[in-house]
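Notes to accompany the following structure.
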Amino acid sequence: MKMQININPRLRLSPFVMVLLALMGIAFLVAMVRYAVGIGPISNLSNAYPWGFWVSFDLFTGIAISSGAFVLTSLVYILELEQFRPLVRPTLLTGFLGYVMEVIALLVDLGHPERIWHYFIYQNFTSFLLVIGLYVMIYSAIMAVELAPAVLERLKLQKPAALIRRFMKPLVILGATISVLHQGSLGALLLIQPAKLFPLWWTPLLPVLFFISSLAIALAMTIFESSLSSRYFRRGLETHLLEKLAAAIPFVLGLYLVVRFVQLALSDNLQYLFNSGMMSILFWGEILLGSVAPLVLFAFKRFRQSPRGLLTGAILLLLGMVLNRFDVSWFAVKHPDPLSYVPSFMAYHVHYIPSLPEVSISLGIFSFGILAFGLAVKYLPIFEEEGHQPPASAAD
Amino acid sequence: MTDIQNIQHKTFLFDATRCIDCRACMISCSVENNIAMNKTRIWVAGVGLLGQYPDLKRGTMVYHCMHCEDPDCLSACPVGAYHKREDGPVLYDPAKCIGCRYCMNACPFGVPHFDYDKGLIDGAFIDKCTMCPQRIDNGQEPACVATCPTDALMFGEREALLKEAHARIAAHPERYINHVYGETENGGTSYLILSHIPFNQLGLPNLGPTPVRDVSQAVIGLTIPAALGIGVVLTGVSLGVHAYHQRKPAVEQPDESEGAREETK
């Protein structure tokens, strides 16, 4: 019985935790101001840029980096690659917190957060935002159930934990289905903007591209997060496992690049590759950082086997893919804005830069995520699932 | 003039060559619809002087909701706050709105706008032109049209106005660009525009004859088949892998995975 030394009744406030708490406090205050006087005074969102930093960062990036949950659970429960089991709960936790953070951000970004229940009574099924909202709710619930055994084990409630474990496989299949649809639908959210999104990004294949890139992000995020937590929580790094994940990345990225460029060629949009100024720079930035560099680096076994190499490749991939999410949802979108008397042919000159309070909201939510992750890892059996022997009792 | 409430397909016609930039339409709209001083449902965009002396041209564009035949805002709204009336107007129901602002992203004309200056208590809503249902249902033209001193804005049956627009182009081909904006753009709109300067210089986007929502709606139609397909494939793979492992118990991967697998059995 290793029924834990690690319950520490005294809450120790390290400087890092203090900073996180302070950021959360600031975000909370800013949110209160936003609820009192509106979105305008605290943000630079406008009728020209109805969606900005919150959507790009919290929604597009947040959901993308949560994709590890469905990939890792699928590897272990569907493909029965048991060796990856140690990585399941940390990525599940990351995914679950990512979704929770996105919901919190939504409650700030929505004009009427108190009406979120309208999602259940007024449903317009031609809207990708509706299905995305439903996926978020359903998949958060599924991830909560998938994580529940960790909490139940901690509370020594072995019976319900065993019950959930018995239904884990169908649960994972359902969750993975919803998650694939969700990742794709995020790309599909922008399908309605063919006139606004720059042609290097707009394509009917957006959902497919989003799905493929979410696989790469999932693998990179798992590597990234395991590398970091092995440092902060002083655990051994599962380099041999991460090496196997990294080995899959070149194939995923290769497929992504092929689909991306073949689509550009077929839609006759290759002409924009080099002569579109900032748009070309952004495009090549995300392609080189997020796809080409990690593809090449992870193709070398020696690179994959070094912890430093793994982390470097994962960070490059994540940076490039995050840039991609920012591009499609912000940088490459232009809105005609009659209110500012700027004809749409000049609308590239209408700039949007998020305001400090706007960023502070996202920072606060992110701090909450980090803190929640730390607390969960501290008090719940997240990293040592197999160390506990409950799986054995599951068969009883 | 026919009775306004009996018009089957109510439509505006705006003729940029007739507009004198007086902005009376903005004022009457705001008065009629009780719009706050710092807001408006109509934008009158002056595009300044164009061309070379002595061929100088000035353009003014009166811009409000285009009342599309296939509204993209309606397609995008997750909670169905928009609806399109049979006779033309695209209307918005603030009681359903959750303030997500996806309609603003969807609208290729950038028409719906949001109360960024309202908190939870005041209630922040989308606002846009309604085609003045309170007037057109009682036999009156929309406020902007009724006020326009030069008939730059007209109101009537879509077919009749299209005919009128083409007649004006035919009568003065040197004055007009040979195109009625809104006849086919975005699947057709209930706001038709005649102009003497290129439409994109008036701030109007170049749009094809199909509504921008088409691809989105086609793809969302694939959701159920995709869900079933993914579900079936994953279930199949899962069953297959499981059967395979049952048949060949733990031969492959004898290293660290073995302990874990035994625990689950």
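Bear in mind these aren't lab numbers, they're just calculated from the coordinates by the rules spelled out. Here the structure is a predicted model, which means the values were calculated and not measured. Neighbour counts are summed over all protein chains in view; Cβ atoms, including those assigned to glycine, are modelled from backbone coordinates with ideal geometry.
Among residues other than B:Ser30 whose Cβ falls under 13 Å from its Cβ, what is the net charge (Lys/Arg +1, Asp/Glu -1)?
Numbers: positive: B:Arg23, B:Lys39, B:Arg41; negative: B:Glu32, B:Asp127.
Neighbourhood net charge equals +1.
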Given 37 °C, 0.692 mPa s and a Kirkwood radius over Cα pairs, the Stokes-Einstein diffusion coefficient of segment B:24-85 in µm²/s is 223 µm²/s
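Using Cβ contacts closer than 10 Å as the measure, can you line up B:Arg23, A:Arg308 from fewest to most?
A:Arg308, B:Arg23
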What dipole magnitude, in Debye to the nearest 20, does chain A give about its Cα centre under +1 on Lys/Arg Cβ and -1 on Asp/Glu Cβ?
960 debye
Got a sec? How would B:Leu239, B:Leu153 order by Cβ neighbour count within 10 Å, fewest to most?
B:Leu239, B:Leu153
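How large is the Kirkwood hydrodynamic radius of chain B, counting all unique pairs of alpha carbons, in Å?
Hydrodynamic radius (Kirkwood, Cα only) of chain B equals 21.9 Å.
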Farthest toward the dipole's positive end in the protein assembly as shown, which of B:Ala167, B:Cys25, A:Ala48, given Cβ charges of +1 (Lys, Arg) and -1 (Asp, Glu) about the Cα centre?
A:Ala48
Hull shadow area, averaged, segment A:1-142 [alpha-carbon convex hull, nm²]:
13.1 nm²
With the crude spin-label approximation of a point 7 Å out along Cα→Cβ, what separation in nm comes out for B:Leu49 versus A:Val258?
6.0 nm
Given charges at beta-carbon only (K, R positive; D, E negative), |dipole| of the protein assembly as shown in Debye
1800 debye
Put +1 on the Cβ of every Lys and Arg and -1 on every Asp and Glu Cβ in the protein assembly as shown; which of B:His64, A:Ile178, B:Pro54 then has its Cα farthest towards the positive end of the dipole?
A:Ile178
Taking one equal scatterer on every alpha-carbon of segment A:185-294, how large is log10 of I(q)/I(0) by Debye at q = 0.15, 0.16 1/Å?
-0.73, -0.79
With all distinct Cα pairs included, what does the Kirkwood hydrodynamic radius of chain A come out to in Å, to one decimal, could you say?
22.3 Å
Rounded to the nearest 0.05, what FRET efficiency is calculated for A:Tyr35 and B:Glu86 with R0 set to 30 Å and r the Cβ-Cβ distance?
0.15
In segment B:95-178, what GluC sites (Glu not before Pro) fall in a loop by DSSP, with at most 12 other Cβ atoms inside 10 Å?
B:Glu174
Suppose each label sits 7 Å from its Cα in the direction of the beta carbon; what would the A:Lys159-A:Tyr379 distance come out to in nanometres?
2.5 nm
Working note, the protein assembly as shown: Cα radius of gyration (Å, one decimal) and Dmax (Å, whole number) are 28.2, 95
Got a sec? Charge dipole of the protein assembly as shown, +1 on Cβ for Lys and Arg, -1 for Asp and Glu; which of B:Phe12, A:Met279, B:Val219 is way out at the positive end?
A:Met279
Pairs A:Lys196/B:Lys10; B:Lys96/B:Lys163; A:Lys196/B:Lys96; B:Lys10/B:Lys96; A:Lys301/A:Lys378: which exceed 30 Å Cα-Cα?
B:Lys96/B:Lys163; A:Lys301/A:Lys378
Test item: Cα-centred dipole of segment B:141-195, Lys/Arg +1 and Asp/Glu -1 on Cβ, debye
100 debye
Sort A:80-90, A:191-201 by the packing proxy (mean of other Cβ within 10 Å over each peptide's residues), most packed first.
A:191-201, A:80-90
Once label points are set 7 Å from the Cα along Cα→Cβ at both A:Ala148 and A:Met278, what is their separation, rounded to one decimal in nm?
4.9 nm
Sort A:Trp51, A:Trp117 so that the residue with the fewest other Cβ atoms within 10 Å of its own Cβ comes first and the one with the most comes last.
A:Trp117, A:Trp51
